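Presented below is the structure to which this report refers.
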Amino acid sequence: MRRGIGASALVAAGVLLVASACAATLYPWWWSQRQISAARSLVASAPDEVEQPESAAGHANACTQAVRKSVVSGVLVIPAIGLVAPVIEGISDPVLDLAVGHDPASPIPGAAGEAILEAHDVSYFSALDQLRRGDEVIWAVGCRRWVFKTISTTVASPGTVLATPSNGFGLALVTCWPSDALWWTPNRFVVETILSSVSSAAAPRRAPKVTPVELAVPAPPSLLRLGLGLDDNAVVLGTLRVTGSPAVQWRLGPGPLDAARVGLEAYFALRRTVEAQNHLWWSKLALPDVALPPSWSASGVVDTVVQAEGERIEDVKLESTGESVVLVVHGRDLVASQVSS
């Protein structure tokens, strides 16, 4: 599903900006094409930057860059919320699954005009609404830093215009609103900034390596063949929340979405197992003390809650008016520890 905005208008009616993270009810999520292997190596391919120590003569630090090919255009740094994220050219689903995307219809940050960066609301830009006027937004490429200052934050509707700031150099950050939505929403949260300064790197800074969730649903082949993705299972998606004490860089990245993806696959596996009343399947999907329910209610909006400590997932809860499921990590599998109606 293609979406994007030009440099002058936020979004026209009917055009979707970050539609994957604002997926329409019953619309198949983008997870089926997620490239976990690419996520592992993405940030590691960013251009290196190294700060040279101050010389004995007292000269200012110099920055040198190790040149190598990279799919990463630059690094977005927002100190106020602890975000350090890779930026890739484009705003397609595969790009936004892994990184912040630069809208190719807009200039590169630091060039004249209004540059536009987009990301999923429940991923890299989940804390964007915490920014306040004056907060720095840094665009880093190799040894260079373009420092922007936040001038406004707003919830925008279709047709809202993004004006270039007074000095002619702006950067807008755009995501879906509300920030925990897994359904499609027409509203966008927009942070507008103005270029404040350009300098060499004061210190080395690189986006952290993306750590993908390496959990699986222990479904037997006969169950897997029925399909455990959103394209095979109707569900009304609600919100995604993260609780516990997650690492900031894990929270502001694709980790929570990966956890929710596996959690929903387990949810669908459990639902199909109850519908089939298959005790063998159930023994693979749930802890021994969890009984196979006689029925499963598919009614209501399904909200997802991921509890994490650092980069480690503790459990995933899926809650609706019909069912409540708690999934815990057992080895490398995500299995049910509680199922209640």
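The values are calculated or read from the model by the stated rules, or taken from the named source; none is laboratory data. This one's a predicted model, so the numbers in the text were calculated from it and none came from an experiment. Backbone-built Cβ (ideal geometry, glycine too); neighbour counts: all protein chains shown.
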* Asked: Residues Val305, Val301: which one is at pLDDT 95 or above and touching a Ser or Thr at 6+ places or on another chain (Cβ under 9 Å)?
  -> Val305
* Looking at the stretch 276-296, is at least one residue in contact with a Gly (Cβ under 9 Å, 6 or more places away or on another chain) and modelled with pLDDT under 95? -> yes
* Structure fact -> Ala234: passes all of (1) in a loop (DSSP other than H, G, I, E, B); (2) within 27 Å of the chain's Cα centre (by Cα); (3) of a type in the set (A, V, I, L, M, F, W, C); (4) modelled with pLDDT of 95 or more but (4)
* Picking from Leu131, Leu171, which residue would you name as being at pLDDT 95 or above, in contact with a helix residue (DSSP H, G or I) (Cβ under 7 Å, 6 or more places away or on another chain) and surrounded by 20 or more Cβ atoms within 10 Å (Cβ to Cβ)? -> Leu131
* Single condition Glu275 does not satisfy, out of (1) among the acidic types (Asp, Glu); (2) in contact (Cβ under 8 Å) with a residue 12 or more places away in the chain; (3) closer than 17 Å to Val326 by Cβ -> (3)
* Inside the stretch 150-178, can you point out the residues that are under 15 Å from Leu117 (Cα atoms) and assigned to a strand (DSSP E or B)? -> Thr150, Thr153, Phe169, Gly170, Leu171, Ala172, Leu173, Val174, Thr175, Cys176
* Residues located in the stretch 278-301, provided they are surrounded by 12 or more Cβ atoms within 10 Å (Cβ to Cβ) and small (Gly, Ala, Ser) -> Ser283, Ala286, Ser297, Ala298, Gly300
* To do: Spot the failing condition for Arg145; the list is (1) charged (D, E, K, R); (2) closer than 29 Å to Thr304 by Cβ; (3) surrounded by 20 or more Cβ atoms within 10 Å (Cβ to Cβ), and only one is missed.
  => (2)
